[in-house]
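As structure tokens, the structure follows; a few thoughts come after it.
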Amino acid sequence: MKLLFDSVTVPTVAIAGRAERFPVHRIYCIGRNYAEHAREMGSVPDLGAPIYFLKPADAVCEAEVVPYPPGTDNLHHEVELVVALGTGGRDIAVAQALDHVYGYAVGNDLTRRDLQAAAKAKGNPWDVSKSMDHGAPISPIRPAAQIGHPSAGRIWLSVNGVLRQQGDLSELLVPVAEIIHGLSRLFALKAGDLIFTGTPAGVGPLRPGDVVDAGIDGVGALRHRIG
Ligand code: MN
């Protein structure tokens, strides 16, 4: 089949230690998945109804310089554990969920916080606050075959060398296996799906020129400058 637009390509992410790259199908995200972050956003931590949203697959960004997005004066960082699925499915049981994980990465769920706040205030969808170009900086993926399935470990982010966010993966309100289970009851998950699993407390603004460093023990590190 000949494509009408031959410039359309599948977004991909590097895999640590491998020449092959990980093709991205979708980017799912979960909101308010650390209690302290839920509180700093003015919410009560709620286990009953996880907040899911999506980013476009081509929002993945591995560039050293991440462009400051248009339409915002309050771009926020959110460091997150990212799950990369190697196989998909529907109605995946919690006990089998981790078998579908190819690997893990460190991501920054960039957020136009002013647009999100304005949308929330009006009861409108806040997609545009999350779905911008280059809105999902991500580290190389580390295969679970090498690092296992991290359920604890420090997750942190600093800006210009000053620590802003810090937490531990053990604080995830909805753990990875339950996120996969929950998403698979709403969507047909597929190989190539990425899942941003939520951010610990300490989110804050980024300005052009800021240098972001982030990391998760046992998973990897992420560094970029805001353009
Ligand atoms: Mn987030």
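The values are calculated or read from the model by the stated rules, or taken from the named source; none is laboratory data. These figures come from a predicted structure and were not determined experimentally. For neighbour counting, all protein chains shown are included, and Cβ atoms are generated from backbone atoms with ideal geometry for every residue, glycine included. Only protein heavy atoms, including side chains, enter the accessible area calculation; ligands, DNA and RNA are left aside. Shrake-Rupley method; radii C 1.70, N 1.55, O 1.52, S 1.80 Å.
Within the full protein context, the accessible area of L173 is estimated at about 50 Å² for a probe radius of 1.4 Å. Across bins of 5 angstrom width beginning at 0, how are the C-alpha pair distances of the stretch 42-106 distributed, in whole percent? Pairs per bin, as whole percents: 3, 10, 13, 24, 19, 14, 11, 6, 1.
Here the relative contact order of the stretch 63-136, from alpha carbon pairs under 8 Å that lie six or more residues apart, stands at 35 percent. Here's how it looks for D168: its modeled amide H is under 5 Å from those of I155, which are all 5 or more places away or on a different chain. Per-residue 3J(HN,Hα) values for the stretch 99-116, derived from phi via the Karplus relation 6.51 cos²θ - 1.76 cosθ + 1.60 with θ = phi - 60°, read 5, 8, 7, 7, x, 9, 9, 9, x, 10, 7, 4, 9, 7, 4, 5, 5, 5 Hz in sequence order (x marks Gly and Pro). Counting heavy atoms of the protein chains alone, M132 has an accessible area of about 10 Å² for a 1.4 Å probe.
For the chain, report the convex hull volume of the alpha-carbon atoms normalised per residue, in Å³, without decimals. Intermediate values should be presented prior to the final figure.
Details: hull volume 31.4 nm³, N = 227.
Output value, Cα hull per residue: 138 Å³.
Lys/Arg Cβ at +1, Asp/Glu Cβ at -1, dipole of the stretch 51-167 taken about the Cα centre: which of Q165, Q96, V60 is farthest positive-ward? So the residue we want is Q165. In the chain, taking the dipole from charged Cβ atoms about the Cα centre, the farthest positive-side position among T197, L4, A144 is held by L4.
Seen through its C-alpha gyration tensor, with square-root eigenvalues sorted a ≥ b ≥ c, the stretch 1-109 comes out oblate because a/c lies at 1.5 or above while a/b is not bigger than b/c.
Charging the Cβ of each Asp and Glu at -1 and of each Lys and Arg at +1, and nothing else, the dipole of the stretch 48-131 about its Cα centre rounds to 360 debye. What residues qualify as long-range amide H neighbours of I141, i.e. H under 5 Å apart, gap of 5 or more or another chain, H built at 1.01 Å from N? For I141, whose amide H was placed from the backbone, the distant partners under 5 Å are A14, I15, A16. Accessible surface ranking for D109, D213, 1.4 angstrom probe, highest first: D213, D109.
Could you give the length gained on full extension between I147 and N74, defined as 0.36 nm per residue of separation minus the Cα-Cα distance, in nm? Before the final figure, lay out the partial values.
Details: separation 73, 0.36 × 73 = 26.28 nm, distance 3.54 nm.
The span from I147 to N74 would gain 22.7 nm if fully extended.
Percent relative contact order of the stretch 132-227, based on C-alpha pairs within less than 8 angstrom and at least six residues apart?
Values: 118 pairs, mean separation 33.3, N = 96.
Rounded, it is 35 percent for the stretch 132-227.
For D193, the residues whose modelled amide H falls within less than 5 Å of its own, excluding neighbours fewer than 5 places apart on the same chain, are H25, R26, L85.
A simple spin-label model places pseudo-atoms 7 Å from Cα toward Cβ; at V65 and A121 they are separated by 3.4 nm. The magnitude of the dipole of the stretch 25-81, with charges of +1 and -1 set on the Cβ of Lys/Arg and Asp/Glu and taken from the Cα centre, is near 260 debye. Let me know the number of lysine pairs in the chain closer than 17 Å at the Cα, not counting same-chain pairs under 8 apart. Lysine pairs satisfying the spacing and distance rule in the chain number 4. Relative contact order of the chain, taken over Cα pairs closer than 8 Å and 6 or more residues apart, is 30 percent.
Per-residue Karplus couplings for the stretch 47-64, computed as 6.51 cos²θ - 1.76 cosθ + 1.60 with θ equal to phi - 60°, are listed in order as 7, x, 9, x, 9, 10, 8, 10, 10, x, 4, 7, 7, 4, 9, 10, 6, 5 Hz, Gly and Pro entered as x.
Within the chain, which is the longest segment containing none of the trypsin sites (Lys or Arg not before Pro) that sit in a DSSP loop and have at most 15 other Cβ atoms within 10 Å? Working shown, then result.
On the way: sites that count: K2, R18, R90, R185, K190.
Segment 91-184 is the longest.
The string of couplings for the stretch 197-207 from the Karplus curve (6.51, -1.76, 1.60, θ = phi - 60°) is 9, x, 10, x, 5, x, 4, x, x, 10, 10 Hz, one whole number per residue in order, with x for Gly and Pro.
Would you work out the charge dipole size for the chain about its Cα centre, treating the Cβ of every Lys and Arg as +1 and the Cβ of every Asp and Glu as -1, and quote it to the nearest 20 debye?
Working: 21 positive and 24 negative charges, 61 e Å.
Charge dipole, the chain, about its Cα centre: 300 debye, nearest 20.
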